[in-house]
Each structure stands twice: as structure tokens, then as C-alpha cells.
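J.: Let me give you the structure first, and then I'll get to my questions.
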Amino acid sequence: MTVMDTSVWIDYFNDVSTQETEVFDDLLGSQEVLLGDLILTEVLQGFQHDAHFETARKLLHVFPLVPMLGPSLALTSAQHYRTLRKRGVTVRKTIDVMIGTFCIAQDLPLLYSDRDFDPMVRYLGLRTVL
């Protein structure tokens, strides 16, 4: 089971060919891709046209949808953010810390193309697909 970050979904929906979208294509046929509620929100909020929003919503519906936060992981996310800050790393988007924390807690690899996750791999033990 693997989690795809919003950054990969966006490139995928925009038909942008990257190493990550190529890996995503390969994973789609070989293992389960988990969709987190936070990622669902980020992906869908980017569609400007209602028709594109509805098409994406229907396509994403086939993936298992899971809640990514909750009281315990909210606290752990804050601790992870603080740990990174103490190391001189400022994560640009809090939601990325939440997504990373979920993957760490569930021991799930994350496929991403967003540099905010690199320090989580280095300092917090986030597993990456690549």
C-alpha cells in the first residue's frame, strides 16, 4: 500500500510526465494506492471548472479513502513540525507535516515531488517510494 502526495496527483491530472508520475503509473496496476482525506481536499480544491472537479471526484472515488488526522496525530504533527524547526527546517505547508506524520505512523511509503517532505525523510523516518 502506498500514499500519493497531492504534488504527484496534480502532475498526473495535468498530464505532466515526471519520474513520480511514471512510478505512479506503474503502482496503479501493481499495488493499492491509499487516498487520504487531506490529499483529496488539496487535489479537488485546485480544479477551476465544475466539470473537471466532478470528473476528478469520480475518478478518485475508486481509491480507498482514509482520515489522516485526529487528535493523536494532530499532536504528533505539531511535535514533528517543532522537531524540524529545531533543526533549522521550516516546512512551508503544515498540511504536508500532517500527511508525512500519517505515513510515518502507518509505516506507509509516500510518493511525492514536494521538497517539504525531504527533511521528514531525513530526520523523522518518513519512507519514500523512490
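J.: Quick check on my filter: what residues within the stretch 1-42 are of a type in the set (Asp, Glu), in a helix (DSSP H, G or I) and buried (at least 16 other Cβ atoms within 10 Å of the Cβ)? Show your work before the answer.
T.: Narrowing the stretch 1-42 to residues of a type in the set (Asp, Glu): 5, 11, 15, 20, 22, 25-26, 32, 37, 42.
Now narrow it down to the ones that are in a helix (DSSP H, G or I): 11, 20, 22, 25-26, 37, 42.
Of everything in the stretch 1-42, those that are of a type in the set (Asp, Glu), in a helix (DSSP H, G or I) and buried (at least 16 other Cβ atoms within 10 Å of the Cβ) turn out to be Asp11, Glu20, Glu42.
J.: Read through the list (1) closer than 18 Å to Phe24 by Cβ; (2) surrounded by 15 or more Cβ atoms within 10 Å (Cβ to Cβ); (3) touching a strand residue (DSSP E or B) at 6+ places or on another chain (Cβ under 8 Å), then give the number of the only condition that Phe102 fails.
T.: So Phe102 meets the others, but not (1).
J.: Then there is this: Please work out which one of (1) in a helix (DSSP H, G or I); (2) more than 19 Å from Leu126 (Cβ to Cβ); (3) at pLDDT 95 or above; (4) under 16 Å from the mean Cα position of the chain (by Cα) is the condition Ala56 fails and give its number.
T.: (4) is the only condition that Ala56 fails.
J.: Give the residues of the stretch 108-130 that are out of contact with any Lys or Arg (no Cβ under 7 Å at 6 or more places or on another chain), more than 22 Å from Ile10 (Cβ to Cβ) and surrounded by fewer than 16 Cβ atoms within 10 Å (Cβ to Cβ), sorted by residue number.
T.: Selection gives Arg122, Gly125.
J.: Exactly one condition in (1) surrounded by 15 or more Cβ atoms within 10 Å (Cβ to Cβ); (2) modelled with pLDDT of 95 or more; (3) not in a helix (DSSP H, G or I) is false for Gly88; which is it?
T.: (1)
J.: Consider Val121 against the criteria (1) of a type outside the set (D, E, K, R); (2) out of contact with any strand residue (DSSP E or B) (no Cβ under 6 Å at 6 or more places or on another chain); (3) assigned to a helix (DSSP H, G or I); (4) within 25 Å of Leu28 (Cα to Cα): it satisfies all of them except one. Which criterion is unmet?
T.: Going through the list (1) of a type outside the set (D, E, K, R); (2) out of contact with any strand residue (DSSP E or B) (no Cβ under 6 Å at 6 or more places or on another chain); (3) assigned to a helix (DSSP H, G or I); (4) within 25 Å of Leu28 (Cα to Cα), Val121 breaks only (2).
J.: Pick from Ser77, Ser72: which is out of contact with any helix residue (DSSP H, G or I) (no Cβ under 7 Å at 6 or more places or on another chain), over 19 Å from Asp11 (Cα atoms), modelled with pLDDT of 95 or more and of a type in the set (Ser, Thr, Tyr)? Write out each step before concluding.
T.: Values: Ser77 fails: out of contact with any helix residue (DSSP H, G or I) (no Cβ under 7 Å at 6 or more places or on another chain).
Ser72 is the lone residue from the list that is out of contact with any helix residue (DSSP H, G or I) (no Cβ under 7 Å at 6 or more places or on another chain), over 19 Å from Asp11 (Cα atoms), modelled with pLDDT of 95 or more and of a type in the set (Ser, Thr, Tyr).
J.: Is there a residue being within 17 Å of Val8 (Cβ to Cβ) and modelled with pLDDT under 95 anywhere in the stretch 96-106?
T.: No.
J.: From the list Val62, Val8, which residue is of a type in the set (A, V, I, L, M, F, W, C) and in contact (Cβ under 8 Å) with a residue 24 or more places away in the chain?
T.: Val8
The values are calculated or read from the model by the stated rules, or taken from the named source; none is laboratory data. Quantities reported herein were computed from a predicted structural model and do not represent experimental measurements. Because the Cβ atoms are built from the backbone with ideal geometry, glycine has one as well, and the counts that use them run over all protein chains shown.
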